[in-house]
Amino acid sequence: MNETLVEIENYGIIPVIEIDEIDHIEPLVNAIMSGGLPIVEITMRTKAGRKAIEIIKKRWPQVILGAGTLLSEEQIRFAVDYGADFGVSPGMNERVVEEALKLNFNFYPGIATPSDIERALNYGINRMKFFPAESLGGLNMLKSLYAPYKHLKVKFNPTGGINPENMASYLTFEGVYAVGGTWIAKKEDIKNGNWEKIKESVVKALLISKKAGKKTK
Ligand code: 3PG
């Protein structure tokens with residue numbers, strides 16, 4: 001298992017960030033880091049997403065930097081060129097997966113069905129985002145999806161509707177390697193500069209993760 005994945009699995013949390021203003025990057029990353037989490041996933045669905053990836057890699061090389069919402073081969077190339085440590089997509093898109101594999105990029109596609117899982121497995125991928133987790137039926141659905149593939153060492157990253165109330169139940173399930181989501185740094189908190197609140201939500205999430213058996217430092 002590569003170092004990036006080991007760290008993601010140790011912390012068990014991927015904060016998904018939608019950034020609109022370049023000026024928010026510095027205080028936001030500082031808030032997340034000072035809460036004790038060196039992981040951020042910047043989604044590429046906002047205009048500022050690319051610039052944020054570029055800035056974070058230069059300014060905080062120690063951060064485990066993810067690029068999210070990767071929907072095209074070009075976006076995969078961008079993420080690799082700008083030093084993202086991992087990439088994520090909401091769906092299982094063959095063209096995107098093939099580009100990531102070609103460039104030896106840590107890439108976790110989204111899955112929602114057994115067929116999606118099998119298409120990812122065809123590429124040798126065994127870490128996948130389960131998205132949108134809560135709308136798909138939450139932990140019950142995930143348990144049903146996991147059962148037939150457990151022997152292949154598949155693990156999932158539930159994202160979509162994760163919050164401090166339900167994250168522990170996901171993290172204590174053996175088929176989950178990390179939870180992800182925007183609850184740590186909500187759009188309105190970023191917009192309003194609520195950096196202390198964001199830091200507190202990191203601290204709280206790490207406590208829950210530790211209680212659930214993760215090796216958070
Ligand atoms: C994502 O991009 O992974 C999702 O938008 C996260 O879902 P959430 O906002 O429900 O956490």
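Restricting to region 36-64, count the residues that are within 16 Å of Tyr11 (Cβ to Cβ) and among the small types (Gly, Ala, Ser).
Looking only at that region, the number is 1.
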Could you grab me the full set of residues in region 200-211 that are surrounded by fewer than 21 Cβ atoms within 10 Å (Cβ to Cβ) and touching a Ser or Thr at 6+ places or on another chain (Cβ under 7 Å)? Leu206, Lys210
Listed by first then second residue, the pairs whose first member lies in region 92-105 and is over 19 Å from Asn2 (Cβ atoms), whose partner is among the polar types (S, T, N, Q), with beta carbons under 7 Å and at least 6 positions apart or on separate chains, are Val96/Ser72; Val96/Ser89
Determine whether region 131-142 contains at least one residue that is free of Cβ contacts under 8 Å to residues at least 12 places away in the same chain and either at positive phi or touching a Cys at 6+ places or on another chain (Cβ under 9 Å) (or both). yes
Need the failing condition index for Glu118 against (1) touching a Leu at 6+ places or on another chain (Cβ under 8 Å); (2) surrounded by fewer than 23 Cβ atoms within 10 Å (Cβ to Cβ); (3) not hydroxyl-bearing (Ser, Thr, Tyr), just the number. (1)
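To keep it simple, each residue is scored yes or no on (1) within 21 Å of Ile42 (Cα to Cα); (2) within 14 Å of the ligand (Cβ to nearest atom); (3) buried (at least 18 other Cβ atoms within 10 Å of the Cβ); (4) of a type in the set (A, V, I, L, M, F, W, C).
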| position | (1), (2), (3), (4) |
| --- | --- |
| Ser135 | no, yes, no, no |
| Pro148 | no, no, no, no |
| His151 | no, no, no, no |
| Phe156 | yes, yes, yes, yes |
| Asn163 | yes, yes, no, no |
| Met167 | yes, yes, yes, yes |
| Val179 | yes, yes, yes, yes |
| Lys187 | yes, yes, no, no |
| Gly213 | no, no, no, no |
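Quick note: the coordinates plus some simple rules give every number you see, no bench work behind them. Note that the structure is predicted; figures quoted are calculated from it, not measured. So basically every Cβ, Gly included, is an ideal-geometry build from the backbone, and we count neighbours across all protein chains shown.
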